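Q: Quick one: the structure is below, questions incoming.
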Amino acid sequence: MRRRFEDVDIGEEIGVYRPEMGLESVCRFAHATGMKFGRFTNHEAARQEGLPGAIVPGIMSQGILVAVIHRWAPGCHVEKIDTIFRAPVLVDAPAICRGVVTQKNDTERTVEIDLTITNEAEETRVLGMAVVRLDRDPGERPSPRI
């Protein structure tokens with residue numbers, strides 16, 4: 001079901017998502033992206049670098065946040081995502097992704113969404129913001145970009 005701009009309210013939560021952050025998934029991502037560093041793929045190698053264990057690559061965290069948005073609004077266009085990494089997201093530890101609509105731009109027909117990834121202790125590991133363009137009504141012409 002496509003989400004319509006008119007049906008979105010400021011303060012709307014976009015749902016809770018608990019992504020798979022196991023070592024196997026992170027290793028597949030690290031290998032696919034050429035990020036085969038021990039800090040991502042091996043708990044002991046990460047500890048030798050002073051980390052508590054293997055960590056999730058930042059771009060994987062961003063990708064997961066974009067996936068949260070697409071679960072909420074299939075077919076949308078994420079125009080911008082900006083993240084701040086406050087603390088490492090640990091591999092093999094449960095993570096909770098959430099988002100809330102904080103602004104609507106009627107002219108651009110976009111919404112701004114605040115995003116977080118927290119751990120089970122509710123500590124924010126990643127926070128961010130995304131600008132999302134929702135589908136237009138059929139036949140509606142896009143507003144000119146100036």
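Each value in this text was obtained by applying a stated rule to the coordinates, not by laboratory testing. What you see is a predicted model, and the numbers here were worked out from it, not measured in a lab. With ideal geometry, Cβ positions are generated from the backbone for all residues, glycine too; neighbour counts draw on all protein chains shown.
Q: Averaging sequence separations of C-alpha pairs under 8 Å and six or more residues apart, then dividing by the length of the chain, give the relative contact order as a whole percent.
A: On the way: 291 pairs, mean separation 41.2, N = 146.
In percent, rounded to a whole number, it is 28.
Q: Here's another thing I want to ask about it. Quick check for me: using +1 on Lys/Arg Cβ and -1 on Asp/Glu Cβ, what's the dipole size of the chain about its Cα centre, in debye to the nearest 20?
A: 480 debye
Q: Using Stokes-Einstein with the Kirkwood hydrodynamic radius over Cα pairs, what translational diffusion coefficient do you get for the range 29-74 at 10 °C and a viscosity of 1.306 mPa s, in µm²/s rounded to a whole number?
A: Working: Rh = 11.5 Å.
Translational D for this selection: 138 µm²/s.
Q: Still on this model: Between Thr107 and Glu49, with labels modelled 7 Å along Cα→Cβ, what's the label distance in nm to one decimal, could you check?
A: 4.4 nm
Q: Between the helical axis of 23-32 and the dominant principal axis of the chain, each derived from Cα atoms, what acute angle in degrees is found, rounded to the nearest 10?
A: With rounding to tens, the tilt is 70 degrees.
Q: Of Met21, Val8, Thr33, which is farthest along the charge dipole of the range 3-45 in the positive direction, counting Lys and Arg as +1 and Asp and Glu as -1 at C-beta?
A: Of Met21, Val8, Thr33, it is Thr33.
Q: To the nearest whole percent, what portion of all C-alpha pairs in the chain is separated by more than 24 angstrom?
A: Values: 4028 of 10585 pairs.
In whole percent, the long-distance tail amounts to 38.
Q: Now a separate question. Calculate the FRET efficiency for Leu23 and Val78 from the Cβ-Cβ distance with a Förster distance of 22 Å, rounded to the nearest 0.05.
A: My answer for the efficiency is 0.20.
Q: I've got another one for you. For a label point 7 angstrom out from the Cα of Val16 toward its Cβ, which stretches of the range 50-83 have the backbone nitrogen within less than 17 Å?
A: Output list for this probe position: 68-69, 72.
Q: Moving on to the next point. Step by step: find N for the range 1-81, compute 2.2 N^0.38 Å, then divide the Cα radius of gyration by it. What's the final number?
A: 1.40
Q: If packing is taken as the average count of other Cβ atoms within 10 Å, what order do 6-15, 25-34 fall into, highest mean first?
A: Top to bottom by mean Cβ count within 10 Å: 25-34, 6-15.
Q: As I understand it, the dipole of the chain uses +1 on the Cβ of Lys and Arg and -1 on the Cβ of Asp and Glu, about the Cα centre. Which of Asn42, Thr102, Leu65 lies farthest toward its positive end?
A: In the chain, that residue is Asn42.
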